[in-house]
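The values are calculated or read from the model by the stated rules, or taken from the named source; none is laboratory data. Everything numeric in this text was worked out from a predicted model, so none of it was measured. We place every Cβ from the backbone using ideal geometry, glycine too, and count neighbours over all the protein chains shown. Ligands, DNA and RNA are excluded from the accessible area calculation, which covers all protein heavy atoms including side chains. Shrake-Rupley method; radii C 1.70, N 1.55, O 1.52, S 1.80 Å.
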Amino acid sequence: MKPVQPKKHLGQHFLTDLKIAQDIVEALRLPNGVKQVLEVGPGMGVLTQFLIQHPEYQTTIVDIDRESIAWLNEHFPQLEGRVLLADFLKTDLKTLFDGPFSVIGNFPYNISTQILFKVLDHRNQVPEVVGMLQKEVAERIAAPHGSKTYGIMSVLLQAFYDIEYLFTVHENVFNPPPKVKSAVIRLTRNKVETLPVDEKLFVKVVKASFATRRKTLRNCLKPFNLPEDMTKQPLFDKRAEQLSVQDFIQLTHQIQHHAV
């Protein structure tokens with residue numbers, strides 16, 4: 001069977017460096033005795049070959065590319081029944097897994113943020129993610145507050161996950177080489193089960209706060225029609241990037257209390 005050709009419309013860039021592939025797989029910690037691992041976008045199985053060397057957990061792989069799935073079925077017969085032709089973004093993960101599972105993958109650039117937001121929706125089932133994505137996106141997700149790259153994704157993901165930027169990956173280890181550098185990050189579920197505020201309102205407040213980065217919160221949050229005695233607080237003189245996750249929670253609490 002011929003090797004799979006990377007498809008531009010699927011955002012495929014196949015990793016060719018086996019040492020980096022092994023390092024990505026070894027970054028899995030499988031917290032709390034997790035036994036199931038889901039690989040997203042395996043391509044030709046550069047990560048899969050190292051995943052199956054770990055008999056202590058069960059690997060399932062999902063790809064939207066029929067050609068990749070045919071290749072993987074031929075080359076990894078030991079994964080029979082766990083090589084899925086499906087769109088991860090449309091897959092019902094609660095049906096697929098009846099317990100917790102870690103997620104790993106060389107994520108296609110064009111859907112990497114959507115993959116992480118889907119993980120966020122299933123955060124109580126996904127205690128860990130190890131993923132390679134565009135370096136700029138990885139830096140944004142891992143950025144601390146006060147950083148110029150800190151933004152909406154940083155806050156929403158850091159509310160529920162501890163995030164580590166593990167290492168940078170250069171363009172020349174991919175086929176075809178992407179035009180940008182990549183990076184591997186690890187997300188580990190923190191102890192926060194639910195936020196002590198309305199989570200939908202929290203998301204709205206975070207998105208509105210970053211809508212115009214250079215403006216103060218006082219200007220960004222005008223659509224919420226907050227009372228002047230609230231917006232006179234020093235907090236409202238700050239810009240969104242200066243607020244920690246905890247600050248955003250407290251801000252949401254105030255806005256929620258005002259709405260009541």
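Among Asp98, Asp63, which is buried (at least 19 other Cβ atoms within 10 Å of the Cβ) and of a type in the set (D, E, K, R)?
On inspection, the qualifying residue turns out to be Asp63.
Restricting attention to strands (runs of 3 or more DSSP E) lying wholly within the range 32-128, give those where 1 or more residues are under 14 Å from the mean Cα position of the chain (by Cα). Reasoning before the result, please.
Details: elements: 36-40, 58-63, 83-85, 101-106.
Once the strands (runs of 3 or more DSSP E) in the range 32-128 are filtered for at least 1 residues that are under 14 Å from the mean Cα position of the chain (by Cα), what remains is 36-40, 101-106.
If I go through the range 183-202 residue by residue, how many of them are out of contact with any Asp or Glu (no Cβ under 8 Å at 6 or more places or on another chain), of a type outside the set (A, V, I, L, M) and not in a loop (DSSP other than H, G, I, E, B)?
Here the count works out to 3.
If I filter the range 186-193 for residues that are among the charged types (D, E, K, R), under 27 Å from Val37 (Cβ atoms) and open to solvent by less than 50 Å² (accessible area, probe 1.4 Å), do I get at least one hit? Steps first, please.
Start the filter on the range 186-193 by keeping residues that are among the charged types (D, E, K, R), which leaves 186, 189, 191, 193.
Those left that are additionally under 27 Å from Val37 (Cβ atoms): 186, 189, 191, 193.
Now restrict to residues that are open to solvent by less than 50 Å² (accessible area, probe 1.4 Å): 186, 189.
Within the range 186-193 (the criterion being among the charged types (D, E, K, R), under 27 Å from Val37 (Cβ atoms) and open to solvent by less than 50 Å² (accessible area, probe 1.4 Å)), the answer is yes, since at least one residue qualifies.
Name the pairs whose Cβ atoms lie under 7 Å apart, with the first residue in the range 56-82 and of a type in the set (Phe, Trp, Tyr), the second part of a helix (DSSP H, G or I), and 6 or more positions between them or separate chains?
Hits for this filter: Phe76/Thr48.
Can you tell me which residues in the range 245-260 are under 14 Å from Ser154 (Cβ atoms) and open to solvent by 50 Å² or more (accessible area, probe 1.4 Å)?
Gln246, the sole residue that qualifies.
Within the range 150-172, which residues are assigned to a helix (DSSP H, G or I), closer than 24 Å to Gln12 by Cβ and either open to solvent by 50 Å² or more (accessible area, probe 1.4 Å) or not hydrophobic (A, V, I, L, M, F, W, C) (or both)?
Listed by number, the residues that qualify are Glu171, Asn172.
Does the range 214-244 hold any residues that are of a type in the set (Gly, Ala, Ser) and either more than 17 Å from Val155 (Cα to Cα) or buried (at least 16 other Cβ atoms within 10 Å of the Cβ) (or both), and which are they?
Listed by number, the list holds a single entry, Ala240.
Tally up the residues in the range 128-149 that are of a type outside the set (Gly, Ala, Ser) and either over 14 Å from Ile185 (Cα atoms) or open to solvent by 20 Å² or more (accessible area, probe 1.4 Å) (or both), please.
9
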